[in-house]
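J.: My questions will all concern the structure given below.
Please treat every number below as a calculation from the coordinates, not as lab data. Remember, predicted model here, so these are calculated numbers, not experimental data. Here the Cβ is made from the backbone with ideal geometry for all residues, glycine too, and neighbour counts use every protein chain on show.
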Amino acid sequence: MSSFWDTFAGIYDLSQMVFNHSVNEQMCKALENEIPKGAIVLDCAAGTGMLSTAAAKNAKKVLCTDLSKKMLIQAMKKSSRLGIHNIAFAKRNITALKDPDNSYDVVIAGNVMHLLDDPEKAFSELVRVTKKGGKIILPTYVTKESGFFFKLCISVYKLLGYGGREMNTEEYLNFIAENAEKNGCYEYSTRLLLGNIPAGFAVIKK
Ligand SMILES: C[S@@+](CC[C@H](N)C(=O)[O-])C[C@H]1O[C@@H](n2cnc3c(N)ncnc32)[C@H](O)[C@@H]1O
């Protein structure tokens, strides 16, 4: 999976800007509003760091992680360019995090759950490393609800090795509800961010 992202790393931000700028902007704003001042944050599958840099505005420290080294290099360059200095970077597999239990105030995993072979395992890892009283934030594109042109683009990505599963809003909400409750988290909220490729935005309290 990471080889597709390694290949795509150099043009990821450009494609996001062209295809889904409005949804990504809403996502960053919604995320920023969820980060308490001084929080210690883990961003998993952070890609080129879009959500890490948004979180860094309020956070004390953000650890920006991904399986793809090339995506992480792009994230590093972006945070330097933006003059953000409270982000550190590390390679991590979201399904086998190296962090001890109860390490972070906020754990983010944006736009990755639909890419994983074992999203349930990743979900329980995210809950495990979140402090009691902390939150897990899981924005995810609901690609089944994008327009014809964007579905066509996703089909082209698939020819190039993109392995994402399509989800609609109902499937996303079911995934969040089932996994939150299975992991003992009964307080969660979701909302929908509308645009070319809409996204669900779930916040789960541990
Ligand atoms: C669609 S991008 C999302 C990037 C970022 N979270 C965002 O919203 O802009 C998906 C990212 O998930 C990463 N990824 C895929 N499988 C992973 C895994 N098992 N562990 C960590 N990262 C993974 C990819 O390398 C890629 O950077």
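J.: How long is the gain from K131 to I84 if the chain were fully straight, where each residue apart is worth 0.36 nm and the alpha carbon distance is subtracted?
T.: So the extension gain works out to 14.4 nm.
J.: Using 1/(1 + (r/R0)^6) with R0 = 30 angstrom and r between the beta carbons of M76 and A96, what's the FRET efficiency to the nearest 0.05?
T.: That pair, M76 with A96, gives E of 0.85.
J.: Which loop-located chymotrypsin sites (Phe, Trp or Tyr not before Pro) does the range 99-206 contain, where loop means any DSSP state but H, G, I, E or B and the Cβ has at most 12 other Cβ atoms within 10 Å?
T.: Loop-located and lightly packed - Y186.
J.: Tell me, what ³J(HN,Hα) does each residue in the range 128-140 have, in order and in whole Hz, if you take phi through Karplus 6.51 cos²θ - 1.76 cosθ + 1.60 with θ = phi - 60° and put x for Gly and Pro?
T.: With coefficients 6.51, -1.76 and 1.60, one gets 4, 7, 7, 5, 4, x, x, 9, 10, 10, 10, x, 8 Hz.
J.: Still on this structure, I have one more. Exceeding 32 Å between C-alpha atoms, which entries from my cross-link table qualify? They are K131/K158; K69/K206; K70/K98; K98/K205; K57/K158; K78/K182.
T.: Pairs exceeding the cut-off: K131/K158; K57/K158; K78/K182.
J.: Oh, and also: So for the range 2-205, averaging the separation of alpha carbon pairs under 8 Å that are six or more residues apart and normalising by length, what relative contact order in percent results?
T.: 20
J.: Continuing with the same structure: Mind checking which of I87, P36, S22 is farthest towards the positive end of the range 2-205's charge dipole, using Cβ charges of +1 (Lys, Arg) and -1 (Asp, Glu) about the Cα centre?
T.: Of the candidates, I87 comes out farthest on the positive side.
J.: Hey, which aspartates and glutamates would be in cross-link range of K151, C-alpha to C-alpha under 16 Å, not counting anything within fewer than 8 residues on its own chain?
T.: List returned: E166.
J.: Could you tell me which residue out of S52, A202, Y186 lies farthest along the dipole of the chain toward its positive end? Charges go on the beta carbon: Lys and Arg +1, Asp and Glu -1, centred on the Cα centre.
T.: Final value for the positive-end residue is S52.
J.: Further question: May I ask you to derive the relative contact order of the range 113-206, considering only C-alpha pairs under 8 Å and at least 6 residues apart, and to give it as an integer percent?
T.: Answer for the range 113-206 is 41 percent.
J.: Once R0 is set to 35 Å, what does the formula 1/(1 + (r/R0)^6) return for the Cβ-Cβ distance between Y162 and E34, expressed as a FRET efficiency to the nearest 0.05?
T.: According to the calculation, E is roughly 0.80.
J.: What number, rounded to the nearest 500 deg cm²/dmol, is the helix-based mean residue ellipticity at 222 nm of the chain, given -39500 (n - 2.57) per DSSP H run of at least four residues and division by all its residues?
T.: Calculated at 222 nm, the ellipticity per residue is -14000 deg cm²/dmol.
J.: Based on alpha-carbon centroids, what's the gap between the range 63-81 and the range 151-191 in Å, whole number please?
T.: 23
J.: Let me ask something else about it. Provide the per-residue ³J(HN,Hα) series for the range 102-114, in order, calculated from phi with Karplus coefficients 6.51, -1.76, 1.60 and θ = phi - 60°, each as a whole number of Hz, with x at glycine and proline positions.
T.: Result, rounded to whole Hz: 6, 8, 10, 6, 9, 10, 10, 9, x, 6, 9, 4, 6.
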